[in-house]
Amino acid sequence: MITFDGVTKRYADGTVAVDDLSLEVPDGAITVFVGPSGCGKTTSLRMINRMIDPTGGRILLDGKDVTAVDPATLRRGIGYVIQQAGLFPHRRIVDNIATVPFLLGWDKKKARARAMELLERVGLDPKMARRYPYQLSGGQQQRVGVARALAADPPVLLMDEPFSAVDPIVRTSLQEELLRLQSELHKTIVFVTHDIDEAVKLGDTVAVLRVGGKLAQVAAPADLLSDPADDFVREFLGRDRGIRRLGFVPAKNLALDPAPEGVTPEGHGTFNPARDSLRAALDAALLSPDGLAVAVDDDGRVLGVVGEAALVGAARG
Amino acid sequence: MNWLIEFFGSAEYWTGDDAIPLRLLQHLEYSFLAFAIAALVAIPLGLLIGHTGRGAVIVVVSANAARALPTLGLLVLVVLLIGVGTLWPVLIPLIALAIPPILVNTYEGIRGADPDLRDAAYGMGLRGSQVLFRALLPVALPLILLGLRLSAITVVATATVAAYVGLGGLGRYIIDGLATKNYAEVFGGAVLVVLLALAVQTLFTLLSRVIVSPGVRQVR
Amino acid sequence: MDEPLVRWDWIARNWDNGGPTSVKVLLENHIVMAFVPVIAGLLIAIPLGLACARYRWLYQPTVGIMNVVYSLPSLALFSILLSVTGLTQTTVIIPLTLFSLAVLIPAVVDGMQSVPDHVRQSAVAMGFQPMRRLTRVELPIAVPVVLAGLRVAAVSSISLVSVGALIGQGGLGYLFIDGWQRQFYTPIVVGIVLVVALALVADLVIIVAQRLLTPWSRRRA
């Protein structure tokens with residue numbers, strides 16, 4: 001667990017980047033720091049691995065003040081991913097991934113084997129191993145950046161706007177890849193972004209910061225959408241909060257009516273109650289001319305239907 | 001053409017004090033000595049200033065001074081002040097002029113390295129010197145080699161001029177030939193100097209092929 | 001050393017003694033031999049640089065040749081040219097023009113590359129004809145980079161002229177020969193100071209010119 005205990009960062013010129021931040025980052029989950037530029041989210045992240053030291057308060061990593069640990073030693077135990085990947089241009093991909101294992105004095109063979117394993121794990125062709133960074137696309141470089149951060153199997157991963165510089169389609173696939181990896185690895189991840197949609201999509205917990213480095217709200221994404229703490233958070237979340245919140249409500253508790261004669265998945269919007277959200281069910285109803293969302297199972301068999309009125313009722317909770 | 005035949009065909013330039021191989025060796029010896037000393041001073045200094053960001057003013061001043069100071073003036077002044085006779089009075093201006101190209105390019109190479117690379121290197125837990133030698137230096141290598149090449153060329157050229165204040169080497173043919181109006185000797189000497197400069201240029205081009213990582217070569 | 005570094009009375013007597021070796025005459029010669037190559041170099045480098053920027057395949061070979069030219073020692077080039085142009089100012093001016101080209105052609109190409117693509121595209125979109133786009137949009141934006149190259153070329157040219165003294169055409173470089181032969185510091189010091197001062201003035205003039213030509217770029221070069 002990472003604990004921010006009244007952390008402040010004030011620069012010599014008087015600007016306050018982070019102001020009395022207190023927060024707990026739970027183990028094995030993704031905590032997202034989100035906010036507009038100048039809100040101190042990156043500074044907060046960089047204080048965890050001592051790229052920046054706080055001017056007040058303490059950051060505890062598993063109960064131990066990080067400033068008591070030698071920076072280099074501390075950092076070797078924390079994965080770090082940045083926006084432009086920051087790969088070493090002069091080294092092949094496999095050696096880039098193995099950077100920290102090499103630093104930790106692993107045997108060369110073992111380090112490279114580990115790098116190859118991670119290369120596949122982040123969804124890259126093993127043939128990429130022999131290439132140099134310039135031969136990879138931005139999205140591929142970013143995957144290598146993630147693999148490199150995971151190389152020495154650190155329990156904590158810091159990710160500073162890692163997907164901001166790639167195009168939307170690649171970003172979506174990288175986000176899904178991260179969620180998939182996390183479901184296997186259960187790392188303690190601190191993720192910084194300025195994109196509230198990304199925050200809500202990836203975070204188990206979302207911390208919204210406002211300009212001047214003050215914490216505005218910490219909550220699970222669904223709670224954030226349903227109960228913003230104040231006008232700033234409400235505005236930052238943007239429009240369509242009501243609809244977006246439904247994305248976090250599972251559809252499995254909906255009461256299904258038996259399908260009327262002649263209602264088939266063809267010509268109707270469908271959803272799968274076992275996996276989809278209320279938002280998908282409502283969308284299915286809106287796509288159907290008769291306003292009925294058709295529930296189907298994994299094999300496409302019709303389980304029943306739900307009407308618009310029932311869906312809106314369920315959405316109101 | 002006639003001058004070339006006259007020069008290279010004359011036995012006078014193949015034996016004794018004025019033998020071409022001897023003059024060439026002298027030229028190489030002085031040049032290498034000045035170049036090596038300059039590199040030993042300038043590379044560490046450039047790395048240090050580039051990495052710490054302190055003392056950048058030295059780099060700027062030395063670059064401008066090296067460009068503006070007239071070589072010949074510097075040579076005659078230093079040699080007159082220190083005294084003729086030994087090699088050092090001539091070597092000092094040679095070294096002084098050889099330092100700035102290496103210093104400037106080493107500094108620029110380290111300073112100009114991608115800030116994300118620096119950030120990532122520190123973030124992974126490399127220590128200061130590891131960041132310098134494992135991340136920044138390999139990326140700066142093309143520029144450092146450019147600096148070394150420019151410096152070597154400067155030294156070869158300056159050593160030629162330094163024949164005027166008594167240094168041996170290929171410049172002797174040009175200076176002595178001019179003094180005695182033996183234009184075949186001037187011309188032959190000049191051709192030798194040009195060939196040497198081209199050889200140095202080629203050597204550094206080959207060197208950078210060998211020691212710069214292909215991953216870095218492509219980026220620039 | 002009993003001889004002082006500078007004897008002021010020597011300067012007073014020799015600044016303008018009527019002869020061909022008065023400091024004033026040497027200075028004038030020096031200026032001619034230093035600036036003709038830079039201006040000629042600029043006039044040649046602009047079309048060549050534009051061609052290289054336009055036809056990319058020209059760039060590598062041109063820069064390769066310029067790199068080789070730049071590596072040739074000035075004294076060797078002067079000596080080789082002696083057989084063609086004799087003991088004249090031309091013998092100094094031609095190699096220095098080549099050196100200027102070696103600096104200025106890459107500067108022009110870099111300058112053209114410093115024009116942001118979106119600026120070029122919007123100029124095309126607004127209907128600028130190629131020639132007009134070049135003179136009104138691209139060249140003005142390229143000016144700071146080209147002038148940075150011009151500063152290097154001018155300062156180098158001023159200092160290199162003095163080597164020409166060894167073949168009898170070195171402007172202020174004559175003072176170094178004179179001082180050396182008579183074991184007399186004053187002319188040497190005067191020569192060095194004047195050459196460096198000339199370089200500083202030229203550098204300053206180009207900086208001011210850049211301020212005037214590109215008032216929108218307040219970046220320090």
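Structure data summary
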| read-out | value |
| --- | --- |
| Rounded to 5, the percent of DSSP beta bridges in the protein assembly as shown classed as antiparallel | 55 percent |
| For segment C:168-221: accessible area per residue (Å², 1.4 Å) | 52 Å² |
| Max mean-square fluctuation residue, GNM over chain B, Cα-Cα springs under 10 Å, options B:Arg149, B:Arg209, B:Arg23 | B:Arg209 |
| Among A:292-298, B:49-55, the order from most to least packed when residues are scored by Cβ within 10 Å on average | A:292-298, B:49-55 |
| FRET efficiency, 1/(1 + (r/R0)^6) with R0 35 Å, evaluated for C:Ser22 and C:Thr85 via beta carbons | 0.90 |
| 16 Å cut-off, amide nitrogen to a point 7 angstrom out along C:Leu43 Cα→Cβ, residues in segment C:69-106 | C:90, C:93-98, C:100-101 |
| Model label zone, A:Asp204; criterion: amide N under 18 Å from point 7 Å along Cα-to-beta-carbon; scope segment A:15-50 | A:23-34 |
| Choice from A:Gln217, A:Gln135, A:Gln175 with maximal GNM fluctuation in chain A (Cα, 10 Å cutoff) | A:Gln135 |
| Average beta carbon contacts from partner chains per residue of B:123-133, 10 Å cutoff | 6 |
| Partner chain coverage, peptide B:13-22 - average Cβ within 10 angstrom | 0 |
| Probe 1.4 Å, protein heavy atoms only - accessible area per residue of segment B:2-217 in square angstrom | 40 Å² |
| A:Asp231/A:Ala315 FRET efficiency (R0 22 Å; Cβ-Cβ; nearest 0.05) | 0.40 |
| Total lysine pairs under 22 Å (Cα atoms) in the protein assembly as shown, excluding pairs fewer than 8 apart on one chain | 13 |
| Residues listed by number, segment C:191-207, amide nitrogen under 17 Å from C:Trp15 label point at 7 Å toward C-beta | C:191-195, C:197-198 |
| Per-residue HN-Hα couplings for segment A:177-193 [Karplus 6.51, -1.76, 1.60; θ = phi - 60°; Hz; x = Gly/Pro] | 4, 5, 4, 5, 4, 5, 5, 8, 9, 6, 7, 8, 10, 10, 10, 9, 8 |
| Overall form of chain A per C-alpha gyration tensor (a/c, 1.5; a/b vs b/c) | oblate |
| Ranking by accessible area, most exposed first, for A:Leu303, B:Leu150, B:Leu91 with a 1.4 Å probe | A:Leu303, B:Leu150, B:Leu91 |
| Descending principal axes extents, chain B, alpha-carbon based, whole Å | 66, 40, 25 |
| Global form of segment C:1-160, assessed from the alpha-carbon gyration tensor, a/c cut-off 1.5 | prolate |
| Two-site label geometry, B:Glu6 and A:Leu287: point separation in nm, points 7 Å out along Cα→Cβ | 9.4 nm |
| Accessible area buried between chains A and B, both sides summed, probe 1.4 Å, in Å² to nearest 100 | 2000 Å² |
| Accessible surface of chain A [probe 1.4 Å, protein heavy atoms]: carbon and sulfur percent | 49 percent |
| Longest exposed-site-free window of chain C, the sites being trypsin sites (Lys or Arg not before Pro) in a DSSP loop that have at most 10 other C-beta atoms within 10 Å | C:1-217 |
| Minimum 20 Å² accessible area buried by the other protein chains, segment C:38-79 residues, probe 1.4 Å, relative to alone | C:Asn67, C:Val68, C:Tyr70, C:Ser71, C:Leu72, C:Pro73, C:Leu75, C:Ala76, C:Ser79 |
| FRET efficiency for A:Arg10 and B:Tyr183, using Cβ-Cβ distance with R0 set to 60 Å, rounded to 0.05 | 0.20 |
| 3J(HN,Hα) from dihedral phi, segment B:105-113, Karplus parametrisation 6.51/-1.76/1.60, rounded to Hz, x for glycine, proline | 6, 4, 4, 4, x, 6, 4, x, 4 |
| Carbon plus sulfur fraction of accessible area for chain C, probe 1.4 Å, in percent | 67 percent |
| Cleavage-rule hits, trypsin sites (Lys or Arg not before Pro), segment A:223-317, DSSP coil, Cβ neighbours within 10 Å at most 11 | A:Arg239, A:Arg275, A:Arg301 |
| Cα centroid separation - segment A:99-174 against segment B:1-59, whole Å | 46 Å |
| Span-rule helices in chain C, defined as complete DSSP H runs reaching 30 Å or more along the axis (Cα) with Kyte mean at least -0.5 | C:23-54, C:89-113, C:139-161, C:185-213 |
| Solvent-accessible area buried by pairing C with B, both sides, nearest 100 square angstrom, 1.4 angstrom probe | 3100 Å² |
| Å² of accessible area per residue within segment A:46-188, as computed with a 1.4 Å probe and no ligands counted | 41 Å² |
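The values are calculated or read from the model by the stated rules, or taken from the named source; none is laboratory data. It should be emphasised that the depicted structure is a prediction, and the values quoted were computed from it without experimental measurement. So basically every Cβ, Gly included, is an ideal-geometry build from the backbone, and we count neighbours across all protein chains shown. Note: areas computed on protein heavy atoms with side chains; ligands, DNA, RNA excluded. Shrake-Rupley method; radii C 1.70, N 1.55, O 1.52, S 1.80 Å.
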